[in-house]
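*Asks:* Have a look at the structure that comes next, please.
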């Protein structure tokens, strides 16, 4: 049985040494916070979305994040261009289908991106992930969650069908490649009171794919690390303003001892 | 005589239970902070501006915020589309005419939006509000204020003419529906040292219109609540970085006792 | 020999009294933080990029910041329009060529802007600055730096050739007008762990050009002040979340005594 706490710490340490560039084509709400999260975990962010440079920019990157939180059709074109170039160069692409299932545009554009770009990991809440399989999601703001349990079987089948790893986040996070699945139970309810924590989770997953060749392990350990940072922050503050500040601090200074004791990742039976 | 402190607490409590979705088509400067403010007060934010989805997105919302802080002509088209759909569905639309009166584009686009969309509340500083009535404003950055007193009569007439509620914020806030007017004297000067506090005020007003059917009462109690949160934050910090953090904390954790004691709203004589 | 500490304090004090409007056409990642930084140093921010209003908006401004961090060709058109109008009105234009040298688009658009708009100061890291002279930069995210020493001679020649002042920031900052050069050794490594600190440096330089007619002195004292604020923040926090909060506080409340003791600017020999 894999020692996920050990693996998590190893990924954190390697990341902090390697400082990979993470290219984001993401939404306007979280550009600043995901850039800061990228720095806090020890990687380097670049945000670039012009169709005239995304292919060149992604060629310098360790991983590419595509996030449709404030999508337009033009922006999706840039995403597809960058994603296809990343695929050619074997650079991992991580997808965050924000709001898929909520509007027709988001669902159809998410599916269009998926048709054109091969994803290393897709990170979303149950409604978003299920909508990619044609299940009708039910959404109330992008921060809302259904009970993850409803999504387990569908997500497993969908991962196999899409040939990718799905990271379905909620009260507990479920990560599956269709063959093997794990649960991550780190995290804290206050994380839902800060905008962009889902998007930050995606960024951490992307950074971990640059140091961990197994997408399932990369995604699970990234979510464990991020959730643990949330738990640490909640010890410092019970209100969202100071909690968010503490969250960036915790991502930066979480130490080996804390990681070894705190990570809660288990195989799905 | 209405007990505004009681009404404010009732609105806060109902909002925290109901968690309505607030759809924002807003400026790029404040997307993150207004999303976080929406969460802190107990509502759910969604930012979406593509013309291909705004009509669908707004149909899920409890209220719609239109804010022209970084407007382009394309963005205004999306605002009008979303606003007209909201009007059809009787979803309150709240308008923040950032910088109206400062440039011809902002003034003319603000007026164009007003012609096409019926607003539940318009929130702005005196220069912005007066420019909607054809008065020439005088502006120095979007955070600047004239003395509110200059705007009282003009605002009252304008509210009647437009058939809407105007929330004119400044040292004291003046809220009028043309017939009845109130003053809100909560707030703290440090709020002007943080970008986007005007926009957050608009967001809080929008959220309150989902729980309070009287736009005047919704706007006044929202501004009282937000101003009181500013006063509480100023007790914790006298510098803008930590003040802003404390402001989100205060929006989240302001308690009944504090609200009942602290709200200062009075009828205009 | 000039007393730079005295000059720095004088600029800070004048700025806090004058509260000039700083018009930014900047990137989406830092719009919020640079607006907050503008307020914290005692100036007024406005962000406006529509081609239909930038010429009018800039006419109200004390200085104009052009920053290509998330450029598109359309946005560059707005930058050129605003910059040319500022030139006509003798309003200082400050340029931040984020990522120039990293992609062909950024390098060529930066050069195109430079051809059309006369800059008072250009602020960038060595790779960005050198790319403006045709030197091939080497970049890893916009926050990375080469050793400044490599850039000294090339920067001095380039400043003379472009007829502008260059502020090359790194471990130490090098400011040159081609004729006279100074070193600024204020700052702290944690500043690189927060996104947008380079962009904030540019904003502070822009604000200082509205109170100091010598671009070299304006840029050097601005960078000294900002670096000193970073040093003060690092005394309060060793992690990036709380460090960033402390940085805005320090920009706002740095006092005369601290400035007089802390500024480290010296002539280049």
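*Asks:* From (1) within 22 Å of residue C:81 (Cα to Cα); (2) touching a helix residue (DSSP H, G or I) at 6+ places or on another chain (Cβ under 6 Å); (3) part of a loop (DSSP other than H, G, I, E, B), pick out the condition that doesn't hold for residue C:109.
*Replies:* Looking at each condition in turn, residue C:109 falls short on (3).
*Asks:* Quick one: is residue A:65 at pLDDT 95 or above and facing another protein chain (nearest Cβ under 10 Å)? Reasoning before the result, please.
*Replies:* Working: at pLDDT 95 or above: yes; facing another protein chain (nearest Cβ under 10 Å): no.
No.
*Asks:* Which one is surrounded by the most Cβ atoms within 10 Å (Cβ to Cβ), of the residues in the range C:157-198 that are in contact with a strand residue (DSSP E or B) (Cβ under 6 Å, 6 or more places away or on another chain) and farther than 17 Å from residue C:114 by Cα?
*Replies:* The residue in question is C:175.
*Asks:* Filter the range C:201-214 down to the residues that are surrounded by fewer than 24 Cβ atoms within 10 Å (Cβ to Cβ) and touching a helix residue (DSSP H, G or I) at 6+ places or on another chain (Cβ under 6 Å), then identify the one that is nearest to residue C:176 (Cα to Cα).
*Replies:* C:212
*Asks:* May I ask you to verify whether residue B:79 is away from chain C (no Cβ under 13 Å) and over 20 Å from residue B:161 (Cα atoms)?
*Replies:* yes
*Asks:* May I ask you to say which residue of A:143, A:128 is at pLDDT below 90, within 14 Å of another protein chain (Cβ to nearest Cβ) and within 17 Å of residue A:202 (Cα to Cα)? Full working, then the answer.
*Replies:* Working: A:128 fails: at pLDDT below 90.
Every option except A:143 fails the conditions.
*Asks:* Right, something else. Filter the range C:172-198 for residues that are within 22 Å of residue C:236 (Cβ to Cβ) and either assigned to a loop (DSSP other than H, G, I, E, B) or under 12 Å from the mean Cα position of the chain (by Cα) (or both) and give the result.
*Replies:* Matches in the range C:172-198: C:185, C:186, C:187, C:188, C:194, C:195, C:196, C:197, C:198.
*Asks:* Scan the range B:221-243 and report the pairs whose first residue is within 8 Å of chain C (Cβ to nearest Cβ) and whose second residue is not in a helix (DSSP H, G or I), with Cβ atoms within less than 6 Å and a gap of 6+ or a chain change.
*Replies:* B:240/B:194
*Asks:* Then there's this: Filter the range A:182-214 down to residues that are under 18 Å from residue A:128 (Cβ atoms) and away from chain B (no Cβ under 14 Å), then give me how many there are. Lay out the reasoning, then the answer.
*Replies:* Of all residues in the range A:182-214, those under 18 Å from residue A:128 (Cβ atoms) come to A:184, A:187, A:191-192, A:195-206.
Subsequent filtering for residues that are away from chain B (no Cβ under 14 Å) retains A:184, A:187, A:201-206.
The number of residues fulfilling the criteria is 8.
*Asks:* Something else now. Report, by residue number, each residue of the range A:146-156 that is modelled with pLDDT of 60 or more and exposed (fewer than 14 other Cβ atoms within 10 Å of the Cβ).
*Replies:* Correct list: A:149, A:153.
*Asks:* Just a yes or no: is a residue in the range A:114-125 within 14 Å of chain B (Cβ to nearest Cβ) and at pLDDT below 95? Outline the logic, then answer.
*Replies:* Within the range A:114-125, the first condition is being within 14 Å of chain B (Cβ to nearest Cβ), and the residues that meet it are A:125.
If we keep only those that are at pLDDT below 95 too, we end up with A:125.
Yes, that holds for at least one residue.
*Asks:* If a residue has to be crowded, with 20+ Cβ neighbours inside 10 Å and either in a helix (DSSP H, G or I) or under 17 Å from the mean Cα position of the chain (by Cα) (or both) to count, how many in the range A:233-266 make the cut?
*Replies:* Of the residues in the range A:233-266, 16 are crowded, with 20+ Cβ neighbours inside 10 Å and either in a helix (DSSP H, G or I) or under 17 Å from the mean Cα position of the chain (by Cα) (or both).
*Asks:* Considering only the range A:115-125, I want to know if a residue exists there that is touching a residue at least 12 places away in the same chain (Cβ under 8 Å), over 18 Å from the mean Cα position of the chain (by Cα) and in a helix (DSSP H, G or I).
*Replies:* So far as the range A:115-125 goes, yes, one or more of its residues are touching a residue at least 12 places away in the same chain (Cβ under 8 Å), over 18 Å from the mean Cα position of the chain (by Cα) and in a helix (DSSP H, G or I).
*Asks:* Next question, about the same structure. Can you tell me which condition residue A:108 does not meet? The list is (1) within 14 Å of chain B (Cβ to nearest Cβ); (2) in contact with a strand residue (DSSP E or B) (Cβ under 7 Å, 6 or more places away or on another chain); (3) under 16 Å from residue B:48 (Cα atoms), and all the others hold.
*Replies:* (2)
The values are calculated or read from the model by the stated rules, or taken from the named source; none is laboratory data. Quick caveat: nothing in here was measured; it's all calculated off a predicted structure. Counting neighbours? That spans all protein chains shown, and the Cβs are built from the backbone with ideal geometry, glycine included.
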